[in-house]
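Structure record follows, encoded as structure tokens.
No value in this document is a laboratory result; all are computed from the given coordinates. Note that the structure is a prediction, hence the values are computed from the model and not measured. Positions of Cβ are generated from backbone atoms using ideal geometry, with glycine treated the same way; all protein chains shown enter the neighbour counts.
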Amino acid sequence: MKEITPDRSDPVSQGAVCPKGLASAQLLYHPDRLTVPLIREGPRGEGKWRESTWDEALDLVAEKLSSFARESGPESVVMARGTNRGSWIRVFNRFASSFGTPNWAESGGAQCYAPRSLAQTVTFGGRALEWPDLSNSECVLVWGTNPPATWPPKSRKLMAARKRGARLIVVDPVQSLIASKADAWLPVRPGSDVALALGFLNVIITERLYDEEYVRKYCIGFDKLAQKVLEFTPKKASEITWVNEKSIVEAARLFAKTKPSCIEVACTLDEVIDPIQLSRVVSILASVTGNVDVRGGNVFPGSAGQLPVDSRAFSLPDKIPAESKEKRLGAELYPLLSKNLKGNEPMAHWPSIIDSVLTGKPYPVRAMFIMGGNPMLSLANSGKVREALDKLEFLSVTDLFMSKTAEMADVVLPAASWLEQDGIVDSTQATFGTLRVRRKVATVGEALSDIEIMIRLARKLRLGNFWDSESDYLNYILKPLNITFEVLKSGNGIIEAPVVYGRRLEEGFRTPSGKIELYSSLLEEWGYDPLPFYEEPHQSPYSTPELARSYPFVMTTGRRVIEYFHTGLRNIPVLRDVAPVPLLDINRSTAESLGIDEGDRVIVETPYGSMTLTAKPTEGIHPKVVGVPHGWPDDANDNQLTDNTTCAVGIGTTPLRGMLCRVRRAP
Amino acid sequence: MKYAMVIDLDQCVGCETCTIACKLDNETGVGIKWGRIIEAEEGTFPDVRRAFVPLLCMQCEDAQCISVCPTGASYRNSQGLVQIDYSKCVGCKYCIIACPFMARQFNDARDPPLGVPRVAAGDSRKGVVEKCDFCSDRLAAGREPVCVESCPYEARIFGDLDDANSRVGKLVAGAGGVTLKPDAGSRPSVYYIGVR
Amino acid sequence: MRPYPQKEWGLTVALDFFLGGTGAGLIGVYVLAAGLMFDQMTESFYPLFIGLALLVMGLAILMADLGRPTNFWRMVKGYRTSWMARGSILNLALLGSSALLILGLSLRNASLASVAADAALLAAALVATYPGLLLFSVRDIRLWRSPLIAILMPAYSTSSGLALLQLAGLSPSHATGSLMPELVWVATATTAVLSYAFFSNSRTSSKGGREGYRLMTSGWLRRPFLLGFVAVGIVSTLLFEAGAILGTAMAVQYGVMGSLSCLAGAFFFRYLTLKAAFHEPIRVFLEPAGS
């Protein structure tokens, strides 16, 4: 592979490339790529490996996993993965179910997508917040996400809307790339977003800026909601969120009065201690302003017509043996995540998994099979994670490189990158429902695609519900379209998914009442507050003033830069050269008062641990707030700062934003 | 032939895709950026204004780098582009100092961080000064400079000012394009619009 | 955006300018003095060797600073527009004419020595001056855009040359009747006045100039400036030379200290001129925020 160039004719990207994609050759041919399966020799973590064949390695994995399943039940094996925009992650769920373990987990999960997925489902029976109809919108409210650094094709549509005259409101503690282009920037105190949204609702409702007809026809619970938000005057919201009262009022008015308007969100809604509330109130904002399922608002994804892999029919949770199914770790404390309820693929709760490994309660987890995930860096409380991985009797890790997690493994399996596999990409998040073909252009060592690895392993484990080959799988997905993968690949490889507006308005929303539930009957049924409410974060200048004396700054973690994706790519030359070090966003006057200059090494500490990074003083952040990036290894790992013992009610999120910290210059 | 570029600062969102695309295409070494983005910030929290300004070789009509070069390594080629003949450069760095636009950098073949492999191609220019060459090879092949092509927001427009139909000419005149540091008197060929 | 400093030329280039300028200054002052018939000097012309040695040292340091020293022979090709290329040619001329002068004096060939002396004097004057013109050519660094810089360079070369001669000529038989301390005193006072005008002008001339001035008076350059340049380079030179002028018992020692301080001042001038050099800022926002 020689060159990667933008393709302006592509319907999804319109030529907007991501530099990580452009740098793919440096990933493909990187000297440190894993190329053959490795089996550990010597003590764990020492880095001594012997090369082996796929058969030997997979035989070992199969033998180990089966033996644990036999001895302690399949629930003693945890299958964990990272995130992805292809379909292998759904195949992974099917693999876990077929094996029989209820304990599949995702590094994101409760910290990404699960909370807002649930909140949107109980509110409007679908995930409309994921789909702002940017091209047709007149006002975009960007909540905490930074598309220019995280999602170039979507960002292109956003900037095009802006150029066309659409107004832009950005909520973010830091004046991010997109916030720099906004008509209004609301620097919310990390962790207090719900108060800001309730403040918006207060303005919109008391000034009667909501869409009365839409609310009357399509929503239930408005009166109760209106009553609830009365107390959240702009003044109160301003005091809580540290945002100007005037800005709050003007932004609320702008969003409600401009039509149509839409809301752009991402995992910022999930990484807090009250993620359900936040996604609920943001969903409600879109709803009362009459912007759900309308052109230019937040819409429901279309489909190209292929087999939906994002469904229980595909992931087969019913294949889990009955007695194991009820044992999913986290089901008791975090039913919204781990119990079989509506709106989610139930998954195991990572902190509960860690506890099980370390304490053996409620039962010991003995082995893990990890694909495309790096829990050592991605999960809160890295120290505990390390302890747990070390204690496992068996760990298999599949990755492109010897990640921090792979270093702890007994078996390391080399994965193929996107250029090394044929495939289908149809993630509604990535391609807006459009189905597209991925073509293999290279081979690196003996690396195999994740799906191929699972197919082979399924064969060795004698699991049903799997295919003979990857192309069989691809054809299986395409069956409803009456086309084979080869035929699709021979053409331009794209099947579009047109957006349909107003279908749910007409047919009813997929909620118990058939309407948008501002007052959620499902939450009420499950024993949670049916209306959104604000609670001060468990750790804040107001809820823990004593702690705030030693840790005076409010911290947001997980700041993104375009060069990296989560914990990966720090070893790619061009990307590392442009973003060589992790940067701390810190207010200029604050930095000056602490004797910190631009480029100085600084230490950020919380009661749980510390990290070292480089200071970037800016006026684009509140003097009492700092912004920390995510995904760096060793002493720059931000999950040394985070805690996994206090988790969000019901859904089990480990909060990653809105905690307290202190900052000092490194000696 | 009078190549020029127009950069729309209203569209530039500081994503650095162009910086990275340029580095990939030209295989530059550690710390070397032929094109870069600088961030300009004004005001105090929360009334802050921020702009992202792409910089590159401005292809000045009165190129100071050419005047000061003692060896003739910096010269203007047949496409009218200011270029460096690396074989003639002695690495005195006078041109770096003379350039008002931070376009030039000395190649000291720096090591990448631990775990990051070297981009060997950039080492061939060890000891000399390098800069953006306006993708003269791509221009000769009828393509656009890689920074122009890779910008997701089409913030960069490229063309020939001698061509009456070209967008650049119209944009410079119509949209009030300005050059940076006009007091330096170099008469750059890169114009900026969308400046507020 | 703020003014930003030039970062390419530092200690080595400052040394190169200092050694080259001092070597040229020594040769030039010596030849001039010899022309004014200070007979004791023409008897032993070892200052010429010292001057030549300083020039060569300067060039050696320059070579060490070049990225591709093997290409140094190309450094004359740009003479049409480049003061650096012209300077290379002038350095060659000075080296050549000084060598010829030494040859002429050794062989006691008066006509050769005479012609070589004229050539060397001219070359020395130009070598002393061209660094100022080289810096002046950089339009974007306003500190260097003062005509004073083209005067200060040869002025420092002159005072350094005199200081070295004072050092060289200070043997008991030459101590009496020598006007060296006075000459050094006057030269140092002159460069001090010119430097004052030069640096204080930069404070008001431009944003970059102001930044450089701030760096020298309250930033990291304040030690080189206040201690090295002002205290040692100007004040102690004037004091020591005054002591030597007053002809006390310690006159010789004061003369030595004065010369060394004078040389230090000449070095610090080049160093500060390079390190306090700021580019003008790249202005992005044309109107102030809120307008």
Worksheet, complete the sentence: Once amide hydrogens are built 1.01 Å from N within the peptide plane, the residues lying 5 or more places from B:Tyr191 or on another chain with amide H under 5 Å from its amide H are B:Met5, B:Val6, B:Ile7
Practice prompt. Indicate, rounded to the nearest 5 percent, the antiparallel portion of the DSSP beta bridges found entirely in the protein assembly as shown.
Written response: 55
Worksheet item: Based on the Cβ-Cβ distance from A:Thr443 to A:Ile39, what FRET efficiency comes out when R0 is 25 Å, to the nearest 0.05?
Response: 0.65
Worksheet item: Using a basic spin-label model with each label point 7 Å from the Cα along Cα→Cβ, how many nm lie between A:Glu525 and A:Ser593?
Response: 5.1
Practice prompt. Just rank A:Arg167, A:Arg81, fewest to most, by other beta-carbon atoms within 10 angstrom.
Written response: A:Arg167, A:Arg81
Worksheet item: Which whole number gives the average, over all residues in B:116-122, of C-beta atoms from other chains lying within 10 Å of the residue C-beta?
Response: 4
Discussion item. Taking the Cα centre as origin and putting +1 on Lys and Arg beta-carbons and -1 on Asp and Glu beta-carbons, what dipole magnitude results for the range C:1-96, to the nearest 20 debye?
Written reply: 660
Response to the item:
Nearest 10, in degrees from 0 to 90: the angle of helix C:83-106 to the longest Cα principal axis of chain C is 10
Worksheet item: Which residue, chosen from B:Cys132, B:Ser166, B:Leu9, occupies the Cα position most advanced towards the positive end of the dipole of chain B, where the dipole is computed from +1 (Lys, Arg) and -1 (Asp, Glu) charges on Cβ about the Cα centre?
Response: B:Cys132
Worksheet entry | Karplus-derived 3J(HN,Hα), 6.51/-1.76/1.60, for each residue of the range B:62-68, Hz, glycine and proline x | 10, 6, 5, 4, 5, 4, 7
Discussion item. Output wanted: per-residue J couplings in Hz (rounded whole) for the range A:79-85, from phi through Karplus 6.51 cos²θ - 1.76 cosθ + 1.60, θ = phi - 60°, x for Gly and Pro.
Written reply: 10, 10, 9, x, 10, 6, 10
Discussion item. What is the distance in Å between the Cα centroid of the range C:87-103 and that of the range A:217-258?
Written reply: 83
Worksheet entry | Number of partner chain Cβ atoms within 10 Å, mean per residue of C:129-139 | 3
Discussion item. Students often get this wrong, so check it: of A:Lys64/A:Lys325; A:Lys64/A:Lys479; A:Lys246/C:Lys207; B:Lys33/B:Lys88; A:Lys20/A:Lys616; A:Lys181/B:Lys126, which have C-alpha atoms separated by over 28 Å?
Written reply: A:Lys64/A:Lys479; A:Lys246/C:Lys207; A:Lys181/B:Lys126
Discussion item. Give me the tail of P(r) for the range A:41-179 as a percent: Cα-Cα pairs with distance above 17 Å.
Written reply: 75
Discussion item. Going by amide H atoms built from the backbone, whose H comes under 5 Å of the H on B:Cys89, apart from near neighbours?
Written reply: none
Worksheet item: How big is the equivalent ellipsoid of the range A:569-667 along its three axes, where each semi-axis is √(5λ) from the Cα gyration tensor, reported in whole Å from largest to smallest?
Response: 23, 19, 12
Discussion item. Which one, A:Phe394, B:Gln83, A:Gly631, is farthest towards the positive end of the dipole of the protein assembly as shown when Lys and Arg carry +1 and Asp and Glu -1 on their Cβ?
Written reply: B:Gln83
Item to complete: Report Rg/Rh for chain A, rounded to two decimals, where Rg is the Cα radius of gyration and Rh the Kirkwood radius.
Response: 0.95
Response to the item:
Filtering trypsin sites (Lys or Arg not before Pro) in the range A:445-523 by DSSP loop and by at most 12 other Cβ atoms within 10 Å leaves A:Arg462
Worksheet item: Kirkwood hydrodynamic radius (Cα pairs, Å) of the range C:73-186?
Response: 16.2
Worksheet item: Of the trypsin sites (Lys or Arg not before Pro) in the range A:362-439, which ones lie in a loop per DSSP and count no more than 12 other C-beta atoms within 10 Å?
Response: A:Arg439
Worksheet item: What order, most packed first, do the peptides A:86-94, C:14-22, B:113-121, C:214-222 have when packing is the mean number of other Cβ atoms within 10 Å of each residue?
Response: C:14-22, A:86-94, C:214-222, B:113-121
Practice prompt. Please report, to one decimal in angstroms, the Kirkwood hydrodynamic radius of the range C:4-279 built from all distinct Cα-Cα pairs.
Written response: 19.1
Response to the item:
Between A:Arg167 and residues 5 or more places away or on another chain, the pairs with built amide H atoms under 5 Å apart involve A:Cys139, A:Val140
Practice prompt. Report, largest value first, the span of the C-alpha coordinates of the protein assembly as shown along each principal axis, in whole Å.
Written response: 115, 69, 66
Item to complete: Using the Kirkwood radius over Cα pairs, work out the Stokes-Einstein diffusion coefficient for the range A:124-199 at 20 °C and 1.002 mPa s, in µm²/s as a whole number.
Response: 166
Worksheet entry | Among C:Thr237, C:Thr273, C:Thr191, residue whose mean-square fluctuation peaks in a GNM of chain C (springs only between Cα atoms under 10 Å) | C:Thr273
Fill in: Under Karplus coefficients 6.51, -1.76 and 1.60, residue-wise ³J(HN,Hα) of the range A:271-284 in Hz, glycine/proline x
7, 10, 7, 10, x, 5, 4, 5, 5, 5, 6, 5, 4, 5
Worksheet entry | Debye equation applied to the C-alpha atoms of the range A:351-459, log10 I(q)/I(0) at 0.10, 0.13, 0.14, 0.19 Å⁻¹ | -0.38, -0.61, -0.69, -1.00
Discussion item. Nothing charged except the Cβ atoms of Lys and Arg (+1) and of Asp and Glu (-1): what's the magnitude of the dipole of the range B:1-127 about its Cα centre? Round to the nearest 20 debye.
Written reply: 520
Worksheet item: Which percentage, to the nearest 5, of the DSSP beta bridges contained in chain A is antiparallel?
Response: 40
Worksheet item: Ranking C:Ile141, B:Ile193 by Cβ neighbours within 10 Å, fewest first, what do you get?
Response: B:Ile193, C:Ile141
Discussion item. How long are the semi-axes of the equivalent ellipsoid of the range C:158-260, defined as square roots of 5 times the Cα gyration tensor eigenvalues? Whole Å, largest first.
Written reply: 32, 13, 9
Response to the item:
The alpha-carbon center of the range A:305-349 and that of the range A:398-425 are separated, in whole Å, by 25
Item to complete: Work out the length of the dipole vector of chain A about its Cα centre, built from +1 on the beta-carbon of each Lys and Arg and -1 on the beta-carbon of each Asp and Glu, and round it to the nearest 20 debye.
Response: 1000
Item to complete: Just need the relative contact order of the range B:3-193 here, percent rounded to a whole number, with Cα pairs under 8 Å and 6+ apart.
Response: 31
